[in-house]
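All of the numbers you see were taken from the coordinates with simple rules; none came from a lab. None of these values were measured; they are calculated from a predicted model. Glycine gets a Cβ as well: all are built from the backbone with ideal geometry, and neighbour counts include every protein chain shown.
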Amino acid sequence: MERLHIKQEINITEALMERINELLSHYPADKKKSALLPVLHDVQDAHDNWLSVELMDKVAEILEIKPIEVYEVVSFYTMFNQRPVGKYMFEFCQTSPCCLRGVENLMDYTCDKLGVKVGEPTADGMFEVRGVECLGACGYAPMMQLGDFFQENLTKDKIDQLIADCRDNKVILHDK
Amino acid sequence: MSKKILLEKASIPGIKTYEVYRQNGGYASVEKALKSMTPDEVVEEVKASGLRGRGGAGFPTGLKWSFIDKKSGKPRHLVCNADESEPGTFKDRFLMEYIPHLLIEGMITSSYALEANLSYIYIRGEYMWVYKILERAIKEAYAAGWLGKNILGTGYNLDLYVHCGGGAYICGEETALIESLEGKRGNPRIKPPFPAVSGLWSNPTVVNNVESIAAVPWIVNNTGAEYAKIGIGRSTGTKLISASGHIKNPGVYEIELGLSVDEFMNSDEYLGGMIDDRPLKAFVPGGSSVPVLPANLIYKTANGEDRLMTYESLSDGGFATGSMLGSGGFIVYNDTACIVRNTWNFSRFYHHESCGQCSPCREGTGWLEKVLHRIENGHGREEDIDLLWSIQSKIEGNTICPLGDAAAWPVAAAIRHFRDEFEYHVRFPEKIKNRDHFVNEPFEKVRHLVGKQTV
């Protein structure tokens, strides 16, 4: 598969290792594997929001588990990406309560504006539009997830503003 | 105004912080329980309150607690289920975001009742900013001496951590949640053994919803008997309802169980009626998995009684004419909504979220999605409607966990109450080409065509 050939620079910084150790302290010493999901989030956030095979192998090494135990988890949960993704990932909730408030037309608008199809990053790697399942914000529809945060009660004007803010580097993706 | 138990203090400025929460009576239940009650006495109060699991199943919380194995001598755990993912449901998020210490207080008091010394809050990964809020609030609680060793000098020890998921609806099922907390795929376990005997790391474990745990401080402070006075019959206390869809005031509301659906829908204190004053077509009272009901069964039951916001009244008439309170995910549809499209959307959701262990669910949800997709897109066949009925009936009851039922019920209810809308889609494919087909021409206006043409 093509993605296996994409190189990813692995950099487990001191700060990241400190965070991993903090997460590990939340579980009994013989249950390191329990920290896998929280650790994967932090590792992925520090690596352009995706996890290569090499990076997953590194996580396995840190948690003292087999690589397959990481792969099978990464492939099960939707929040982990196994290929490079757009820096600003607009993950629109496309489950029914959001559809009732017009999310489908808003996704079309966003894709047209960015000149992309759902699931394809822009050529400059800045943006990607995705449709995801219920994010638990049905009363504030239509909405999307952007990094660690939700953008709610969206309109076309808000989408325009958000794209401009991303381009101006004004949008914070992660709450660290 | 109805009584507020969970959100009473949520609007106090600064209540997110430990200091303000404490100044407003926070953590009193921990003091009361640890200093003047035995763990079993706390369990008895919760039993007396009649509190039922607020995640959707409605199982009595005190009874669930009483099943935990305290004899084996193994470590015990309380795990809070904050994997809120049922479409239509966003109440737990509100509670954790605006009054996080209430959940932490509830976790401490409840862990004490279960004699658990290591507990977790499992929150869905998409609520990452709420995860951070809880993480910081837990640190505050440790710093103030409510967590850790020898709490309040009573000798009780408790460690509490928040753990985030990775995006999987199935992890809201308690045994899948436990698997996920162990760092595995979220595959539900075969029961028995139940978590109360063998749960997290094979230790006795109780898994409770956020809202259930958040009710415990009030019950301990005011007694279970006082809690049981709120509500009607076996529907005691208050319930958070998250309301969405075509209503004027979507959002999270705390109601006393027993409020009429009519008042909840139409009073300005709550949902304020329909957006743009369009006609009400249907509602789903308890999250996407419970049966959808048509307009004539919303305010009144089939017997003509007022429909109330209680476990019993919402399910009155069984699935033939009733639904369920479920998680309190209240979705409202006006006449521009398409029931076929909505059902296809829900089936896509369940297909996407099926863990794949059981064939009836893994395959059946895919078939439901495909058949519904072709009907919605104008390629349906007359026999597809019976095919859908057949598929859903073969999923229901044939899977390890309730996801199969959750996928089957909305399809069954849609066909039961809105069969003519499916027939319209099959017979008039040229009229449903646009995804917003009922926006300009609501089904009511074209319903008369259905009987006039068969394929």
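At-a-glance table
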read-out	value
Projected-area mean, region A:1-88, by convex hull of Cα positions, square nanometres	5.8 nm²
Rh (Kirkwood; distinct C-alpha pairs) - chain B, Å	22.9 Å
Distribution of pairwise C-alpha distances over region B:173-289, 5 Å bins, in %	2, 9, 14, 14, 12, 14, 14, 10, 7, 2, 0
Cross-link reach list, lysines versus A:Lys113, counting only Cα pairs under 21 Å and skipping chain neighbours closer than eight places	A:Lys87, A:Lys156, A:Lys158, A:Lys170
Kirkwood-Stokes translational diffusion coefficient of the protein assembly as shown, alpha-carbon pairs, 25 °C, 0.890 mPa s, µm²/s	97 µm²/s
Compactness of region B:339-450 - radius of gyration and Dmax, Cα, Å	14.0, 44
The protein assembly as shown: calculated mean residue ellipticity at 222 nm from DSSP helix runs of at least 4, using -39500 (n - 2.57)	-12000 deg cm²/dmol
Largest to smallest principal axis extent of the C-alpha atoms in region B:18-228, angstrom	41, 38, 33
Listed residue pairs exceeding 27 Å between alpha carbons, taken from A:Lys31/B:Lys132; B:Lys91/B:Lys139; B:Lys47/B:Lys91; A:Lys58/B:Lys91; B:Lys74/B:Lys149	A:Lys58/B:Lys91
Proximal charge balance of B:Gly199 [Cβ under 14 Å; K/R count +1, D/E count -1]	+3
Surface/4 of the Cα convex hull for region B:153-195, nm²	4.3 nm²
All Cα pairs of region B:270-327, percent lying beyond 15 Å	46 percent
B:Lys4 versus B:Asn440: modelled label distance in nm, points set 7 Å from Cα along the beta carbon direction	4.5 nm
Kirkwood-based Rg to Rh ratio, chain A, C-alpha trace	1.00
Alpha-carbon gyration tensor eigenvalues x 5, square-rooted, for region A:64-120, Å	31, 15, 7
Kirkwood hydrodynamic radius of region B:232-334, from inverse mean 1/r over distinct Cα pairs, in Å	13.2 Å
Neighbour net charge for B:Phe319 - beta-carbon separation under 14 angstrom, K R +1, D E -1	-2
Kirkwood hydrodynamic radius over Cα pairs of region A:76-160, then Stokes diffusion coefficient at 25 °C and 0.890 mPa s, in µm²/s	191 µm²/s
Fraction of beta bridges assigned by DSSP in the protein assembly as shown that are antiparallel (%, nearest 5)	50 percent
Summed residue charge, Cβ within 15 Å of B:Arg278's Cβ, Lys/Arg positive, Asp/Glu negative	-2
